[in-house]
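Each remark here refers to the structure printed beneath this line.
The values are calculated or read from the model by the stated rules, or taken from the named source; none is laboratory data. Computed from a predicted structure; not experimentally measured. Here the Cβ is made from the backbone with ideal geometry for all residues, glycine too, and neighbour counts use every protein chain on show.
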Amino acid sequence: MSSILVLNGPNLNLLGTRQPEIYGTTTLEELEDMCQRHAQARGVECVCVQSNHEGALIDAIHNARGVHDGIVLNAGAYTHTSIAIMDAIISAEAKVVELHLTNIHAREEFRHRSYLAKAAIGQICGFGVAGYPLAIDAVLSHLNKD
């Protein structure tokens, strides 16, 4: 059985209550349940992890090597600042789909730059929580090509 890691970064623990007009009303727990059900329907295990700490996200990427076949990564604001997370993706040779709830390209200028894009196999943004099942399917589609 394949395994996908859904890795959520800073402030995503506040989903459902933090700026619901931007990020929606779905909670992190509801989102994780949705991801696990979606993956299970495709015969894939899904493990969900959230951290507000850059080092913990890097450790999760490193630890995914040999355990998970792919990663769905919403690194939040670290997307725009963390060369270290980009390097972790590259060094772990992880199959990562970068994910954002909002369309980062339609927001503030500083959000337009993604350090992760260079290391990711693709990017999904702007579809709210519906982007997570899309990202899981994108990872699986990429894995099925190999």
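Assess whether V47 counts as being under 16 Å from L140 (Cβ atoms), β-branched (V, I, T), in contact with a Ser or Thr (Cβ under 9 Å, 6 or more places away or on another chain) and modelled with pLDDT of 95 or more. In short, yes. Return yes when L57 is within 18 Å of P133 (Cα to Cα) and buried (at least 23 other Cβ atoms within 10 Å of the Cβ) and no when it is not. No. Of all residues in the stretch 90-103, one or more are within 18 Å of N52 (Cα to Cα), under 13 Å from the mean Cα position of the chain (by Cα) and either modelled with pLDDT of 95 or more or among the basic types (K, R) (or both). Under 9 Å by Cβ, and 6 or more places apart or on different chains, what pairs join a residue from the stretch 1-25 that is at pLDDT 95 or above and surrounded by 16 or more Cβ atoms within 10 Å (Cβ to Cβ) with one that is in a strand (DSSP E or B) and charged (D, E, K, R)? Every condition considered, the pairs that remain are I4/E45. In the set V96, V129, V72, only one residue is closer than 26 Å to S2 by Cα and in contact with a Phe, Trp or Tyr (Cβ under 8 Å, 6 or more places away or on another chain); that residue is V72. Among residues of the stretch 104-125 that are surrounded by 13 or more Cβ atoms within 10 Å (Cβ to Cβ), those with a Cβ under 6 angstrom from a residue that is acidic (D, E) and modelled with pLDDT of 90 or more, sequence gap 6+ or separate chain, pair up as L116/E98; A120/E98; Q123/E98. Find the residue count for the stretch 71-87, including only residues that are without any contact (Cβ under 8 Å) to a residue 60 or more places away in the chain and farther than 24 Å from D137 by Cβ. Counting residues in the stretch 71-87 that are without any contact (Cβ under 8 Å) to a residue 60 or more places away in the chain and farther than 24 Å from D137 by Cβ gives 6.
Condition check ((1) within 19 Å of P133 (Cα to Cα); (2) over 15 Å from the mean Cα position of the chain (by Cα)) across all residues:
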position: T17; (1), (2): no, yes
position: E21; (1), (2): no, yes
position: L28; (1), (2): yes, no
position: R42; (1), (2): yes, yes
position: V47; (1), (2): yes, no
position: D69; (1), (2): yes, no
position: V72; (1), (2): yes, no
position: H80; (1), (2): no, no
